[in-house]
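**Student:** Below you'll find the structure I mean.
The values are calculated or read from the model by the stated rules, or taken from the named source; none is laboratory data. Bear in mind the structure is a predicted one, so any value in this text is a computation, not a measurement. We place every Cβ from the backbone using ideal geometry, glycine too, and count neighbours over all the protein chains shown. Only protein heavy atoms, including side chains, enter the accessible area calculation; ligands, DNA and RNA are left aside. Shrake-Rupley method; radii C 1.70, N 1.55, O 1.52, S 1.80 Å.
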Amino acid sequence: MCGIVGILGREAIAFDLVEGLKRLEYRGYDSAGVAVLEGGEITRVRAEGKLKNLEAKLREAPLSGRAGIGHTRWATHGKPTENNAHPHATERLAVVHNGIIENFRELREELQAEGRVFASETDTEVVAHLVTALMDKQMSAEEAVAAALPRLHGAFALGFVFRGEDNLLIGARRGAPLAVGHGDGEMYLGSDALALAPFTDTITYLEDGDWVVLNRASARYFNEKNQPVKRKAQKTQAGAFLVDKGNHRHFMAKEIHEQPEVIGRTLAHYIDMGTGEVRLPFGLPFDWAKVGRLSISACGTAYLAGQIGKYWFERLARLPVEIDIASEFRYREAPMTPGDVMLVISQSGETADTLAALRYAKDQKQHVMSVVNVPTSTIARESHVVAGTLAGPEIGVASTKAFTCQLTVLACLAIAAGRARGVLSGRREKELVTQLIAIPGLVAEALKHEAPIEALARELSKATDVLYLGRGTSFPLAMEGALKLKEISYIHAEGYAAGELKHGPIALIDETMPVIVMAPRDPWFEKTVSNVQEVAARGGAIVLIGPEGVGREVAVDTLAEIAMPEMAPDFSAFVYAIPAQLIAYHTAVVMGKDVDQPRNLAKSVTVE
Ligand code: AGP
């Protein structure tokens, strides 16, 4: 959602703050700012738009301070203007904030009644004034923060610096991640280890409700009852993942092409390549044979991975699955049998809606397993079991390699469940595992069809609406293709069950409406062919994604045919995800869109 960095350094730190923020831009990037202590006074520099605008300002007027905080923003309250950019400040302090202060209106009214004057539309500014008002009552900075935190409702992470205090940094977390970085005579604060990777690999993660008082030599941790607590420091590998685009133009392109490697790496983590069997790299606190229902909940692309996983759990493990969009799940107040399983899926592991679904399931005495790409994330740390995807950091806001790695883990879990429930024979398991082991090569094969997709993109870029169709696991994949396309090209796109077309959406079909059909050679192939002919009969502009020569079998005029490698149908979703990703990518590139950081979006949405 937003990114926070704080540094108590030995030399000028303004550009170090920017360096840390660069690794947090994926969390939000509509404005940015720093607050640095210069001669005991707080100097703020903020800029609307991308981080490079802030960097330009700092180059024009360099800051020499050695203590400060920085922030990159995804706007929740108040437009993405310089005036609403963080840090927010008063005469005593500056503060940066990730998350939402849910009771900010009443606090703002209370503080305004006390004569405090606000300069922005943000919820964050109430924190600055609240702590300042408490310091005006002769509290120290530490005492004022301790007294202010219980007044704040909502999920947030905060970082403070104080006028005249060149060796003091205070951080607090509730629901949004925050970590301390330990340097040599320096101390850091950051939203995650990636932000701190340029400075240190020794990290301490704050637990939910913690706050911390830092100086250059020490870190004192307190829990939400303000009791001193110990938190352990750990070595992190985030530095090893220092990401760059390699020889690709965008992170998204790099991540699309990393999929053969990262799917393979994830498979190797879950499959005994010697025996050809699934071997989960963790114990389970439950017996699949005794699970009556599996609930799945996630958001966006992770949710669509879960939709595909539902087919596999029900088909391979005969396990009833209910799946919900996380932002809706807990409002349904689903009755849940204690001892059943909730599976949450999240690339970032910080999505607030998904975390809320996890917590509801825990209250309902479910065993909670998470499929996450960040093992140190909040969702991972609140789960009973963590099934990691080994996709490596995914920087492009549009999720690609994390999606196919989520599918990898879900397929392995479904096979393990089928075996445990006695409904999957050893022979069938080996057959399925053999198919999975072939996936990286098939994905690499699918990636070779980029040229026809680039040509198609030039056509699609003229469209205002696009329809994706699919059956079986190709139906959630059709929705994923539509999500990819709309979120980076801004073209309206919908994914629909192919069989549902005739129940309404077929009214949309004419020659201006591209219809992209996922048509793997699966048990429903003939029915999908009929749907294609229904579209053709109405002059629709058809894009066929299917096995080599599928166009001849369907015998209709098409806008394009994208040939996929012949493969067994069980796991076609892995391979057919590739053209869906490439179509979105190349269309957005043709249209000159900001592929890695699309407008209005953020990589991790840590507010509900
Ligand atoms: C996917 O391309 C989107 N960026 C978005 O839908 C994303 O999948 C969703 O916000 C969930 O994020 P998570 O996997 O980090 O929980």
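**Student:** Considering the range 463-479 alone, what residues qualify as being within 14 Å of the ligand (Cβ to nearest atom) and either surrounded by fewer than 24 Cβ atoms within 10 Å (Cβ to Cβ) or more than 16 Å from residue 543 (Cα to Cα) (or both)?
**Tutor:** 476, 479
**Student:** Where in the range 138-246 are the strands (runs of 3 or more DSSP E), entirely inside, with at least 3 residues that are under 23 Å from residue 604 (Cα atoms)?
**Tutor:** 154-162, 165-174, 179-182, 187-190, 202-205
**Student:** Moving on. Quick one: count up the residues across the range 513-570 that are under 30 Å from residue 428 (Cβ atoms), in contact (Cβ under 8 Å) with a residue 24 or more places away in the chain and small (Gly, Ala, Ser).
**Tutor:** Here the count works out to 4.
**Student:** Suppose the filter is open to solvent by 40 Å² or more (accessible area, probe 1.4 Å), assigned to a helix (DSSP H, G or I) and away from the ligand (no atom under 16 Å from the Cβ); does residue 448 pass it?
**Tutor:** Taking the combined requirement at face value, the residue satisfies it.
**Student:** Just checking: which of the helices (runs of 4 or more DSSP H) contained wholly in the range 469-575 hold 2 or more residues that are acidic (Asp, Glu)?
**Tutor:** Fully inside the range 469-575 and qualifying: 474-489, 525-537.
**Student:** Considering only the range 516-536, how many residues are under 14 Å from residue 559 (Cβ atoms) and open to solvent by 10 Å² or more (accessible area, probe 1.4 Å)?
**Tutor:** The qualifying residues number 1.
**Student:** Can you pull out every residue in the range 89-122 that is open to solvent by less than 10 Å² (accessible area, probe 1.4 Å) and either within 16 Å of residue 144 (Cα to Cα) or touching a residue at least 60 places away in the same chain (Cβ under 8 Å) (or both)?
**Tutor:** Hits for the range 89-122 are 93, 94, 95, 96, 97, 98, 99, 107, 111.
**Student:** Identify, by number, the condition in (1) within 16 Å of the ligand (Cβ to nearest atom); (2) charged (D, E, K, R); (3) assigned to a helix (DSSP H, G or I) that residue 362 doesn't meet.
**Tutor:** Evaluating residue 362 over (1) within 16 Å of the ligand (Cβ to nearest atom); (2) charged (D, E, K, R); (3) assigned to a helix (DSSP H, G or I) leaves (1) as the failure.
**Student:** Right, something else. Just one of (1) buried (at least 24 other Cβ atoms within 10 Å of the Cβ); (2) more than 16 Å from the ligand (Cβ to nearest atom); (3) assigned to a helix (DSSP H, G or I) trips up residue 407, so point out which.
**Tutor:** (2)
**Student:** I'd like to verify a number: residues in the range 495-515 that are surrounded by fewer than 18 Cβ atoms within 10 Å (Cβ to Cβ) and either of a type outside the set (Ser, Thr, Tyr) or within 26 Å of the chain's Cα centre (by Cα) (or both), how many?
**Tutor:** Residues flagged as surrounded by fewer than 18 Cβ atoms within 10 Å (Cβ to Cβ) and either of a type outside the set (Ser, Thr, Tyr) or within 26 Å of the chain's Cα centre (by Cα) (or both) within the range 495-515 amount to 10.
Quick grid of which residues meet (1) touching an Asp or Glu at 6+ places or on another chain (Cβ under 7 Å); (2) open to solvent by 30 Å² or more (accessible area, probe 1.4 Å); (3) of a type in the set (Gly, Ala, Ser):
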site: 360; (1), (2), (3): no, yes, no
site: 368; (1), (2), (3): no, no, no
site: 372; (1), (2), (3): no, no, no
site: 381; (1), (2), (3): no, yes, no
site: 388; (1), (2), (3): no, no, yes
site: 394; (1), (2), (3): yes, no, no
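**Student:** Can I ask one more? Do you know which residues across the range 546-574 are open to solvent by less than 30 Å² (accessible area, probe 1.4 Å) and within 22 Å of residue 489 (Cα to Cα)?
**Tutor:** Within the range 546-574, 560, 562 qualify.
**Student:** Considering only the range 119-132, state which residues are in contact with a helix residue (DSSP H, G or I) (Cβ under 6 Å, 6 or more places away or on another chain) and of a type in the set (A, V, I, L, M).
**Tutor:** Across the range 119-132, the qualifying residues are 126, 130, 131.
**Student:** Of all the helices (runs of 4 or more DSSP H) wholly in the range 249-358, which have at least 2 residues that are within 11 Å of the ligand (Cβ to nearest atom) and of a type in the set (Ser, Thr, Tyr)?
**Tutor:** The helices (runs of 4 or more DSSP H) meeting that bar are 300-317.
**Student:** Would you check if residue 443 is assigned to a helix (DSSP H, G or I), under 27 Å from the mean Cα position of the chain (by Cα) and within 22 Å of residue 316 (Cβ to Cβ)?
**Tutor:** Judged against the criteria, residue 443 is a match.
**Student:** Given the criterion more than 12 Å from the ligand (Cβ to nearest atom), outside any helix (DSSP H, G or I), open to solvent by less than 40 Å² (accessible area, probe 1.4 Å) and over 21 Å from residue 603 (Cβ atoms), identify the matching residue among 436, 413, 432, 424.
**Tutor:** 424
**Student:** For residue 490, which of the numbered conditions (1) within 16 Å of the ligand (Cβ to nearest atom); (2) open to solvent by less than 50 Å² (accessible area, probe 1.4 Å); (3) out of contact with any strand residue (DSSP E or B) (no Cβ under 6 Å at 6 or more places or on another chain) fails to hold?
**Tutor:** Of (1) within 16 Å of the ligand (Cβ to nearest atom); (2) open to solvent by less than 50 Å² (accessible area, probe 1.4 Å); (3) out of contact with any strand residue (DSSP E or B) (no Cβ under 6 Å at 6 or more places or on another chain), only one is false for residue 490: (2).
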